[in-house]
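Report on the following structure.
All of the numbers you see were taken from the coordinates with simple rules; none came from a lab. Quantities reported herein were computed from a predicted structural model and do not represent experimental measurements. All Cβ positions, glycine included, derive from the backbone under ideal geometry; neighbour counts span all protein chains shown.
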Amino acid sequence: MDRHLIAQGAEGKVFLGKLFGEDVVIKERIARKYRHPLLDAKIRQKRILQETRNMGKARKEGVPIPAVLFVDAANCVIFMEKITPGITVKEFLLKAQDVSKEIMIDLAHKIGRNIALLHNIQCIQGDLTTSNMMIKPFVSLGAELNDSNDIIQEILKNKDVGTVYMIDFGLSFISNLPEDMAVDLYVLERAIGSLHPECSSLFEDILEGYKQNCTKANINLTRLSQVRLRGRKRLAFG
Amino acid sequence: MEFTFELFPEYTLYLQLYINLTNSSELRANVRNFDCAFINPSLITSIKHILVAANRAISGVKTNTKKTDSIYSDLVYYLSPSCNIRSTLSQFGIQDSSTSIIIACFDPQTLITMDSAICGSKDSLDTLASFTNFKEIQSIFKISDSELSIDHSFTNAVSSRIALKDL
Ligand SMILES: Nc1ncnc2c1ncn2[C@@H]1O[C@H](COP(=O)(O)OP(=O)(O)OP(=O)(O)O)[C@@H](O)[C@H]1O
Ligand SMILES: [Mg+2]
């Protein structure tokens with residue numbers, strides 16, 4: 001079958017391909033040579049089931065998640081809806097010029113809402129970074145978006161970024177511990193700090209969206225300040 | 001209409017819609033004697049809904065993980081979110097009162113056989129959406145309004161459930 005590689009992470013490979021005549025994203029977990037083959041297959045299978053189950057659960061809550069179309073559990077492959085037109089939040093923030101405050105706040109609130117809805121169902125995303133989120137803009141009639149620059153221009157034209165999807169549940173897990181939720185947020189704070197240092201209020205605005213939608217926001221944010229302190233100590237003395 | 005499967009190129013699915021059905025109870029009584037799936041069009045969101053289910057049914061055959069005794073009852077089983085085989089087959093399959101039905105088979109010859117067994121008239125699958133009872137689908141699949149508001153796609157909501165069913 002025709003497919004071409006679009007990303008190779010530590011955990012697996014991501015391809016573009018076709019299913020039911022449509023463009024789809026194919027995520028494959030690669031075998032680990034250092035593990036016993038049977039044990040490795042079992043572990044990969046378990047992870048892929050956890051990943052897709054959490055995607056399904058999150059989608060039911062209203063978090064924008066690509067639709068899962070087929071899970072090949074035996075071969076550890078997920079076939080999912082391709083978010084198109086789409087751009088990762090990372091690429092958008094790195095490339096877009098003169099983004100209005102309005103758009104930045106809309107984007108931040110939507111990210112915050114997504115994380116809040118996940119935490120409301122005890123789903124910890126586990127790898128919150130701007131490359132694991134995608135923006136699908138509202139496309140005006142007749143607009144042709146051929147590359148990421150076109151997509152960025154389309155987003156900037158509107159007052160609303162569109163739909164913000166959470167695309168990567170490869171490290172997600174279920175937990176009701178405030179500590180896990182706080183660390184989830186902290187990972188994102190650190191990622192934004194290092195990748196997008198110029199977006200100084202982005203994380204604060206994300207937390208605003210989080211507060212408005214998370215049932216246990218107070219507990220989790222209190223915990224977040226403790227996690228931050230620990231993080232700083234580790235940086236200072238570690 | 002015919003459809004191929006990227007993952008299983010040796011399979012082709014043939015679909016035909018019939019309306020004004022008058023012998024549904026006779027067909028239902030003989031379901032096991034026909035080499036096809038009978039599909040209730042009112043619970044189908046789109047052709048893709050059928051393809052997602054058929055893809056799982058084929059995969060079940062290839063990996064020896066069939067749920068029922070035939071690929072066609074598996075196909076109907078995977079149209080639904082429910083794990084109750086018996087109730088699913090009657091709800092998503094043919095009922096004595098059915099007045100329209102979709103025939104699905106992997107052998108084009110079966111379409112000819114079925115055409116002589118069915119008392120009704122052929123119609124184009126392009127009219128499928130006019131049969132769909134979206135309200136009932138929303139309740140059977142337990143699709144929340146907030147999930148629908150993601151992309152307003154019943155097919156995406158339904159596909160995600162079918163793809164994850166029994167895993
Ligand atoms: N459903 C999708 N629609 C469109 N593009 C996607 C989709 N899923 C993944 N991608 C693209 O593939 C990239 C990698 O996907 P993903 O994050 O799921 O895999 P990964 O193995 O974790 O990769 P990485 O280590 O780069 O994060 C994304 O950054 C995005 O550009
Ligand atoms: Mg990723």
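Placing +1 on the Cβ of every Lys and Arg and -1 on the Cβ of every Asp and Glu, with no other charges, gives the protein assembly as shown a dipole of roughly 1860 debye about its Cα centre. Extension gain for A:His196 to A:Arg230 (0.36 nm times residue separation, less C-alpha to C-alpha distance): 10.0 nm.
Taking the charge dipole of the protein assembly as shown about its Cα centre, with +1 at Lys and Arg Cβ atoms and -1 at Asp and Glu Cβ atoms, the residue from A:Val161, A:Ile43, A:His196 reaching farthest to the positive side is A:Ile43.
Taking the three principal axes of the alpha carbon atoms in region B:2-164, the coordinate ranges are 45, 36, 28 Å, sorted in descending order.
Relative to one another, the C-alpha centroids of region A:187-238 and region A:47-103 are positioned 22 Å apart. As an exercise, use a Förster radius of 45 Å and the Cβ-Cβ distance of B:Ser144 and B:Gln109 to find the FRET efficiency, rounded to the nearest 0.05. With a Förster radius of 45 Å, E is 0.55. What FRET efficiency, computed as 1/(1 + (r/R0)^6) with R0 = 35 Å and r the Cβ-Cβ distance, is obtained for A:Lys18 and B:Glu26, rounded to the nearest 0.05? It comes out at approximately 0.30. Scaling the Cα radius of gyration of the protein assembly as shown by the globular reference 2.2 N^0.38 Å produces a ratio of 1.10. With 21 Å as the limit, the listed pairs B:Lys67/B:Lys165; A:Lys110/A:Lys159; A:Lys82/A:Lys157; A:Lys57/B:Lys165; B:Lys67/B:Lys135 have A:Lys82/A:Lys157; B:Lys67/B:Lys135 beyond it between alpha carbons.
If R0 is 51 Å, the Cβ-Cβ spacing of A:Gln212 and B:Ala117 corresponds to a FRET efficiency of close to 0.30.
Gain on full extension, evaluated as 0.36 nm per residue between A:Asp72 and A:Thr84 minus their Cα-Cα distance, stands at 2.0 nm.
Counting every pair of alpha carbons in region A:51-132, the share spaced more than 14 Å apart comes to 71 percent. When +1 charges are put on Lys and Arg Cβ atoms and -1 charges on Asp and Glu Cβ atoms, the dipole computed for region A:87-237 relative to its Cα centre reaches about 740 debye.
The residue list A:Ala10, A:Asn146, B:Ser59 was ranked by how far each Cα lies along the charge dipole of the protein assembly as shown toward its positive end, using unit charges on Cβ atoms, and A:Ala10 comes out on top. Spin-label model, B:Asn133 to A:Ala7: label points 7 Å out along the Cα-to-beta-carbon direction sit 4.1 nm apart.
Candidates A:Asn220, A:His109, A:Ile78 compared by Cα position along the dipole of chain A: farthest toward the positive end lies A:Asn220, with charges placed on Cβ. Taken residue by residue and averaged, Cβ atoms of other chains lying within 10 Å of the Cβ of B:52-61 number 2. By the gyration tensor of its Cα atoms, with a ≥ b ≥ c the square roots of the eigenvalues, what is the shape of chain A: rounded for a/c under 1.5, prolate for a/b over b/c, or oblate? Judged from the Cα gyration tensor, chain A comes out oblate (a/c at least 1.5, b/c at or above a/b).
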